[in-house]
Amino acid sequence: PRAIRLSEYQNPAFLVQDVSLTFRLDPHATRVFSRISFRRNPEGPGGPLRLDGEGLRLIRAAIDGTEVQPKILPAGLEIDAPDAFTWEAEVQIDPKANTALEGLYMSNGMYCTQCEAEGFRKITYYPDRPDVMAPFEVRIESELPVLLSNGDPVERGDGYAVWRDPWKKPAYLFALVAGDLVAHSNGFTTMEGREVALNIWVRPGDEDRCAYAMDSLKRSMRWDEDAYGRAYDLDVFNIVAVDDFNMGAMENKGLNIFNARYVLASPETATDADYARIEAIVAHEYFHNWTGNRITCRDWFQLCLKEGLTVFRDQTFSGDERSHAVKRIEDVQMLRARQFREDAGPLAHPVRPTSYIEINNFYTATVYEKGAEIIGMLRRLIGEDAYREGCDLYFDRHDGQACTIEDWLKVFEDATGRDLAQFARWYAQAGTPRVTAETRIEGGTLILDLAQSLPATPGQPEKAPQVIPLAIGAIARDGTEVLPTAVVELTETAQTFRFEVGTDDAVASINRGFSAPVILDQTLSAADRALLLAHDTDPFNKWEAGRALARTALVDMIVQSGAPDRHFVDALGPVISDNAQDPAFRALALALPSDDDLAQALTDSNATPDPDAIDAARTRMQTAVATAHEGALDAVYDAMKVSGPYNPDATDAGRRALRNAALSLLTHVDGGDRARAQFAAADNMTDCLAALSALIRTGQAETELQAFHDRWQNDRLVMDKWFALQIAGAPGETGLAVAQRLVEHPAFDWKNPNRFRSVIGALGMNHASFHARSGGGYALVADWLIRLDPLNPQTTARMTTLFETWHRYDVDRQDQAKAALRRIQSTEGLSRDTSEMVSRILG
Ligand code: B3K
Ligand code: ZN
């Protein structure tokens, strides 16, 4: 298959004025009637009418009422057409046979759609590209009780419903749902006085698990009005929960479709983390109404225009609703775990890629999370007021348009007069910048020598310096802050900055708040780090200091088989006991770096990560911390007990997080007594799962796993946790045997993406097991990817990223991983999605 290139972008030859669709629903023989008015684009390239289409059976086509015989192409059709005309077509599709979950498909008897990025072409012939925008009218014919599409309802009759979406939209935002559903309903009055009916549609029996998603939606609607001046623009906002879904959720205009796991929550079935994710994803999809829908992308290379911005918006929202400090730490952890990892491997690509074979492979951490970091840096560089001014101008100038990153940057140049040409390199250059910082103090002046470099990445050997905003402070040896946060802009390869600090003994706190997504090399002693952990006023860098201490200590243990570092163990004392600090923050500071984090740290220090040694070192460190602080941990475990009915808010969740962090450590010294008691007494999923996962690490959770299974076997979302936890959390290599056993379990419904991820994905999360020396982890994952690919290429391709770090490991493991990848690659009929991923990973 040919690569699509940004440099080859052409305007559409025809524009669409209006779309009218009729769906005669049938599981195996749905008929789609389309009536589309086209007119030639004066700025287009000319030529015949070309429409995208895939897997469609064309029954009839007409132009201005006259039947025509278009030329059928492998991926669409072509026909000569006048400058303005009405196209009519009737096609037949088979939703029941659609296992790829793209286009119109069925999930548990319900019809639903997923069109982004290029799924609409599986529904009917159309110019399936985001820069063709039109209003849609949709008639659905079916005996099913609930029939939904985009926009506002127009008409409802016996066996049919008509919807009209007055807002011009690209086809990827089209949606249709039909099923036996019930609504959890509520309402919202916008700042413009519009009364909006809000509905969350779920399967009967799930309606009592929608309250938190509804509450999140209403808070998101209010927040977008306050923070960005954006109000909702239809009379109805529908959310539908679907069991079979390839990703998290989809922002279809007025009809968001969600993976059920990001909608449904009750205290007994969902954890605090689930609640927080539901809030974030509901917000994210809602915020797309303006950033994505009203203003969309000109082409798919501009994906970060809507995704980076919308992630930034949802992160800010969650921070406002909960705690900015905690949210920032969590977001950076995620950025490092997913995006830095991507940047360091064969899949590294710019936030705005310049070529792709399958666009679905580019819904990546780089486009989303690094895309969001860029917006954060932009706001830091120009200030909050100018950022808001620029956004206002963006909405004003580009409403109803399909835009580019250039359009986005231009509004900020116009609003501020600042040249953003160098800043734009953040979109074009792949890789994580490295900043080295050398500091010294002379006569009360802190002198900071900063240098930046950007490693070569696939297709990009040479890089130019970027503008890097770094927030800097300094803490004196006695713990007082001698330099409050100041932001410097590193624009050259190397630059020196000076600050008056009035003392000769202070430690610089650099990249506060993680002001830029870079890897910072700053030589600090363990004592300096302990000082920052104890006294930094910037919560992110306070956490970061502890994290760096832990990472260094663990790397030493692994490389030199040393003992757990006393500096680190001692420094955790105040973290455990200082009640003046936020419990949620303390929980984060108590957690050790992940296996993946340590594997990367070892790679960075030119060592070959040994997954068993990493696992063993973490366990030894946890035991050392627990032994040293048993009394304090026990006290905090008791003190953080939450009383009263379960509340998912940040305060209670923070207390549970700290208490469960203590539990996890204490389980290393108490033989699992507390965890067993907590498991038996738990009245919410957070405490239940924390206890269960602590027990799983001891290798003695048989009874509890069985009890959990018996209680929840009919609850699909909870059973996903049952599968995932015992595989991902198993100690050492034992997760592999657990996974080998569970793929035989009757409830392993591998065609359901959530269940597939909770088994195969969970194995990938367990380093010692996935990277087992035998190669059995790689082989098992490869077997299942080969099996899933013909049914669901998108989920398969996404999961090949488990292999993206193969180059880190020893030659034996590399050979095993490559053999598994080659086996996937040489599978007959492998999808375009998976084959693109595997070739890139193999390099
Ligand atoms: N825009 C969708 C993602 C679509 C993925 C297509 N493979 C969800 C989101 O980012 O909000
Ligand atoms: Zn999005």
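So, of the residues in region 27-80 that are in contact with a Ser or Thr (Cβ under 8 Å, 6 or more places away or on another chain) and among the hydroxyl-bearing types (S, T, Y), which turns out to be surrounded by the most Cβ atoms within 10 Å (Cβ to Cβ)? This residue is S34. In region 87-104, of all residues being more than 25 Å from the chain's Cα centre (by Cα) and under 15 Å from L21 (Cβ atoms), the one that is surrounded by the fewest Cβ atoms within 10 Å (Cβ to Cβ) corresponds to Q92. In summary, H288 fulfils each of the numbered conditions (1) closer than 28 Å to W167 by Cα; (2) free of Cβ contacts under 8 Å to residues at least 40 places away in the same chain; (3) surrounded by fewer than 24 Cβ atoms within 10 Å (Cβ to Cβ) with the single exception of condition (3). Scan region 392-415 and give yes if some residue there is outside any helix (DSSP H, G or I) and either among the aromatic types (F, W, Y) or outside the structural domain of D314 (by TED's automatic domain parsing) (or both), otherwise no. Checked against the condition, which is being outside any helix (DSSP H, G or I) and either among the aromatic types (F, W, Y) or outside the structural domain of D314 (by TED's automatic domain parsing) (or both), region 392-415 yields no hits at all. On the given criteria, is T503 more than 32 Å from the chain's Cα centre (by Cα) and either of a type in the set (V, I, T) or modelled with pLDDT under 95 (or both)? Yes.
For (1) closer than 30 Å to I357 by Cβ; (2) in contact with a Cys (Cβ under 6 Å, 6 or more places away or on another chain); (3) free of Cβ contacts under 8 Å to residues at least 40 places away in the same chain; (4) not in a strand (DSSP E or B), each residue gets a yes or a no:
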position: Q92; (1), (2), (3), (4): yes, no, no, no
position: C112; (1), (2), (3), (4): yes, no, no, no
position: D131; (1), (2), (3), (4): yes, no, no, yes
position: F136; (1), (2), (3), (4): yes, no, no, no
position: E155; (1), (2), (3), (4): no, no, yes, no
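Residue count for region 28-58, restricted to those that are without any contact (Cβ under 8 Å) to a residue 40 or more places away in the chain and farther than 13 Å from I123 by Cβ: 9. In this structure, K542 qualifies as touching a strand residue (DSSP E or B) at 6+ places or on another chain (Cβ under 9 Å), over 17 Å from E438 (Cα atoms), in a helix (DSSP H, G or I) and not hydroxyl-bearing (S, T, Y). In the set (1) away from ligand 2 (no atom under 16 Å from the Cβ); (2) closer than 30 Å to Y9 by Cβ, H324 fails one condition alone, (2). Going through region 218-249 one residue at a time, which ones are within 16 Å of ligand 2 (Cβ to nearest atom) and either modelled with pLDDT under 95 or under 30 Å from K751 (Cβ atoms) (or both)? Those that are within 16 Å of ligand 2 (Cβ to nearest atom) and either modelled with pLDDT under 95 or under 30 Å from K751 (Cβ atoms) (or both): I239, F245, N246, M247, G248, A249.
Applying the criterion of being under 21 Å from S220 (Cα atoms) and among the charged types (D, E, K, R) to the residues of region 290-309, the residue that is farthest from ligand 1 (Cβ to nearest atom) is R294.
Residues checked against (1) loosely packed, with under 15 Cβ neighbours inside 10 Å; (2) part of a loop (DSSP other than H, G, I, E, B); (3) among the β-branched types (V, I, T):
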site: P593; (1), (2), (3): no, yes, no
site: L602; (1), (2), (3): no, no, no
site: P609; (1), (2), (3): no, yes, no
site: I614; (1), (2), (3): no, no, yes
site: A617; (1), (2), (3): no, no, no
site: A624; (1), (2), (3): no, no, no
site: Y637; (1), (2), (3): no, no, no
site: L658; (1), (2), (3): no, no, no
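All conditions but one from (1) in a loop (DSSP other than H, G, I, E, B); (2) away from ligand 1 (no atom under 16 Å from the Cβ); (3) under 21 Å from the mean Cα position of the chain (by Cα) apply to Y427; the one that does not is (1). Among the residues in region 352-363, are any among the hydrophobic types (A, V, I, L, M, F, W, C), surrounded by 17 or more Cβ atoms within 10 Å (Cβ to Cβ) and more than 16 Å from ligand 1 (Cβ to nearest atom)? Scanning region 352-363 turns up no residue that is among the hydrophobic types (A, V, I, L, M, F, W, C), surrounded by 17 or more Cβ atoms within 10 Å (Cβ to Cβ) and more than 16 Å from ligand 1 (Cβ to nearest atom). Scanning region 114-125 for residues that are among the hydroxyl-bearing types (S, T, Y) and either at positive phi or within 12 Å of ligand 1 (Cβ to nearest atom) (or both) yields nothing. Close contacts from region 244-259, counting a first residue that is outside the structural domain of A100 (by TED's automatic domain parsing) and of a type in the set (F, W, Y) and a second that is near ligand 1 (Cβ under 9 Å from one of its atoms) and in a strand (DSSP E or B), with Cβ to Cβ under 6 Å and a gap of 6+ residues or different chains, come to F258/A249.
In this structure, is L173 in the same structural domain as D18 (by TED's automatic domain parsing) and within 26 Å of the chain's Cα centre (by Cα)? Yes; evaluated as a whole, the condition is true for this residue. All conditions but one from (1) more than 16 Å from ligand 1 (Cβ to nearest atom); (2) touching a residue at least 24 places away in the same chain (Cβ under 8 Å) apply to H324; the one that does not is (2). When residues in region 262-289 are screened for being part of a loop (DSSP other than H, G, I, E, B), within 23 Å of W201 (Cβ to Cβ) and more than 10 Å from ligand 1 (Cβ to nearest atom), 9 of them pass.
Could you please find all residues in region 237-276 being more than 16 Å from the chain's Cα centre (by Cα) and of a type in the set (S, T, N, Q)? Hits for region 237-276 are N238, N252, N256, S266, T269, T271. Only a single item in (1) surrounded by 14 or more Cβ atoms within 10 Å (Cβ to Cβ); (2) more than 25 Å from L533 (Cβ to Cβ); (3) not hydroxyl-bearing (S, T, Y) is not met by E442, and it is number (1). Annotation: of all residues in region 305-321 being within 10 Å of ligand 2 (Cβ to nearest atom) and among the hydrophobic types (A, V, I, L, M, F, W, C), the one that is farthest from A650 (Cα to Cα) is L309. Scanning region 793-822 for residues that are β-branched (V, I, T), surrounded by 22 or more Cβ atoms within 10 Å (Cβ to Cβ) and under 23 Å from D597 (Cα atoms) returns T800, T805.
One residue stands out among those in region 290-304 that are part of a helix (DSSP H, G or I) and over 22 Å from R379 (Cβ atoms): the one that is nearest to ligand 2 (Cβ to nearest atom), which is W300.
Of the helices (runs of 4 or more DSSP H) lying entirely inside region 708-827, not one contains at least 3 residues that are closer than 21 Å to M685 by Cβ, under 24 Å from the mean Cα position of the chain (by Cα) and without any contact (Cβ under 8 Å) to a residue 24 or more places away in the chain. Of all residues in region 157-207, those satisfying the criterion of being touching a helix residue (DSSP H, G or I) at 6+ places or on another chain (Cβ under 7 Å) and farther than 23 Å from R230 by Cβ are A171, V182, H184. Number of residues in region 241-261 that are in contact with a helix residue (DSSP H, G or I) (Cβ under 7 Å, 6 or more places away or on another chain) and in a loop (DSSP other than H, G, I, E, B) equals 8.
In this structure, is S216 surrounded by fewer than 21 Cβ atoms within 10 Å (Cβ to Cβ) and either within 16 Å of ligand 1 (Cβ to nearest atom) or assigned to a strand (DSSP E or B) (or both)? Considered against the rule, which asks whether it is surrounded by fewer than 21 Cβ atoms within 10 Å (Cβ to Cβ) and either within 16 Å of ligand 1 (Cβ to nearest atom) or assigned to a strand (DSSP E or B) (or both), S216 comes out as no.
The values are calculated or read from the model by the stated rules, or taken from the named source; none is laboratory data. Bear in mind the structure is a predicted one, so any value in this text is a computation, not a measurement. Note that each Cβ is placed from the backbone with ideal geometry, even for glycine, and that neighbours are counted across all protein chains shown.
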